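Please read the structure below before turning to the comments.
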Amino acid sequence: MSVRALIAPAVFAVFLTGPAVAQQPLTGVVTGSDVARITQIAAVYGTIDRREDDAGVWLRGEMDDTVYSISFLNCNDQHQNCNSVQFRAWWESNGAHTVDAMNQWNQDRRFSSAYLDSRGNATIEWDVNLAHGVPAANFDDSVQWWRTVMRQFREEVIEPGFAIQGGGQSPNSPSRDK
């Protein structure tokens, strides 16, 4: 059997295991009022659940063992017709992460901002403008960028901070409240 005969099925299998959204063309527009569509697109990359509290609807997701949320912002008084969403992940730092590490991240990055919250937890956020809608493929790309940002933040800031502290990696919290 030739090498070409072995490689072709392997390449084909790789294409079959890609995200479901990538297999079907993404059409239409995504707005900040389209919670179901945002949920559908984000679900390709991990679990995601719709939640609701006094501030309105939000989504709790998990990608690559990192819990995150998507909040709907710049909404009307009924928590509808939102113009943007904010992706956020945070880790209980217990002193393992510093303002200097957050500042360095912010200086070196364009698509996110990092800070220590009021409890000293390492937090990363990224806002996506959805005013007037964006093509669904563009929002899918935003979710992929968020995945990359979370991975890099975990690898470059979170894990080294815990390693310096001498403890193991602390999981981030699934709670919206900080």
Inset, instruction - Could you let me know the centre-to-centre spacing of the stretch 62-80 and the stretch 99-124, using Cα atoms, in angstrom? - result: 19
Inset, instruction - Within the stretch 63-117, list the trypsin sites (Lys or Arg not before Pro) lying in a DSSP loop whose Cβ has at most 14 other Cβ atoms in a 10 Å radius. - result: R110
Legend entry - Placed amide H near E92: partners under 5 Å, 5+ positions off or other chain: S173
Inset, instruction - Please give the peptides 51-57, 129-135 ranked by average Cβ packing (other Cβ atoms within 10 Å per residue), highest first, as a rough proxy for protection. - result: 129-135, 51-57
Inset, instruction - Would you kindly derive the ³J(HN,Hα) couplings of the stretch 67-72 from the backbone phi angles with the Karplus curve 6.51 cos²θ - 1.76 cosθ + 1.60 (θ = phi - 60°), listing them in order in whole Hz, with x for Gly and Pro? - result: 7, 8, 10, 10, 9, 9
Inset, instruction - Taking H placed 1.01 Å from N in the peptide plane, check which residues at least 5 places from L73 or on another chain put their amide H under 5 Å from its amide H. - result: N83, S84, V85, Q86
Legend entry - Amide H contacts of V30 (H built 1.01 Å from N, under 5 Å, at least 5 apart or other chain): V134, A136
Inset, instruction - Figure the gain on full extension for Q86 and E156 (residue separation times 0.36 nm, minus the Cα-Cα span) and round it to one decimal in nm. - result: 23.0 nm
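Quick note: the coordinates plus some simple rules give every number you see, no bench work behind them. Here the structure is a predicted model, which is why all the values come from computation and not from measurement. Reconstructed Cβ throughout: ideal geometry from the backbone, glycine too, with neighbour counts over all protein chains shown.
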